[in-house]
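> I'd like to ask you about the structure that follows.
The values are calculated or read from the model by the stated rules, or taken from the named source; none is laboratory data. Since the structure is predicted, the reported quantities are computational estimates derived from the model, not experimental observations. Note that we place each Cβ from the backbone using ideal geometry, even for glycine, and neighbour counts take in every protein chain shown.
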Amino acid sequence: MSPRAVIRQEHARIGRKIINFDTGGYGVCAWGECDRDACSLYETRAHEHARGIRCDSPLARHITYAFCSERHKLYWDNATGGNALNSIERTGRAYGNLPVGDRGTIR
């Protein structure tokens with residue numbers, strides 16, 4: 001009997017730089033202190049409508065923020081909503097903190 005070949009399949013994450021058609025260049029990272037190009041892999045969506053309005057309603061509004069890295073996306077996510085309140089309670093500030101458990105692991 002011949003040994004069976006083992007095939008290992010891995011999925012690639014393909015990201016693209018975001019193009020700003022108004023300026024003709026690339027979009028910039030949404031983290032306030034960064035000037036690098038934003039990538040489609042690191043996007044987050046914010047709801048700009050009341051909780052009582054469903055997301056598929058014509059009244060629903062969303063805005064998408066794009067970042068250059070996972071770390072900058074985590075900084076932003078942690079500085080909004082309930083996460084910001086938890087950060088203020090822990091450290092005295094909402095801006096510039098990584099979530100608990102992510103400190104020092106993502107570059």
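> Looking at the structure I just gave you, is Ala46 modelled with pLDDT under 90 and not in a loop (DSSP other than H, G, I, E, B)?
Here the answer is yes, as Ala46 does meet what is asked.
> Next question. When you check Ala46 against the structure, is it within 13 Å of the chain's Cα centre (by Cα), of a type in the set (A, V, I, L, M) and under 11 Å from Trp31 (Cα atoms), yes or no?
no
> If the Cβ limit is 6 Å and pairs must be 6+ apart or interchain, which residue in the range 1-27 that is of a type in the set (Ser, Thr, Tyr) pairs with which residue that is modelled with pLDDT of 80 or more?
Cβ pairs passing all conditions: Tyr26/Lys17; Tyr26/Asp37.
> Among the candidates Gly96, Gly82, which residue alone is outside any helix (DSSP H, G or I) and not aliphatic (A, V, I, L, M)? Before you say what the answer is, go through the steps one by one.
On the way: Gly82 fails: outside any helix (DSSP H, G or I).
It is Gly96.
> Same structure again: From the set of residues in the range 5-39 that are surrounded by 10 or more Cβ atoms within 10 Å (Cβ to Cβ), at pLDDT 90 or above and over 14 Å from Trp76 (Cα atoms), which is nearest to the chain's Cα centre (by Cα)?
By that ranking, first place goes to Cys39.
> Hey, another quick one. Going through the range 56-70 one residue at a time, which ones are surrounded by 17 or more Cβ atoms within 10 Å (Cβ to Cβ) and either out of contact with any helix residue (DSSP H, G or I) (no Cβ under 7 Å at 6 or more places or on another chain) or farther than 19 Å from Tyr42 by Cα (or both)?
Taking the range 56-70 as the starting set, the residues that turn out to be surrounded by 17 or more Cβ atoms within 10 Å (Cβ to Cβ) are 65-69.
Of everything in the range 56-70, those that are surrounded by 17 or more Cβ atoms within 10 Å (Cβ to Cβ) and either out of contact with any helix residue (DSSP H, G or I) (no Cβ under 7 Å at 6 or more places or on another chain) or farther than 19 Å from Tyr42 by Cα (or both) turn out to be Ala66, Cys68, Ser69.
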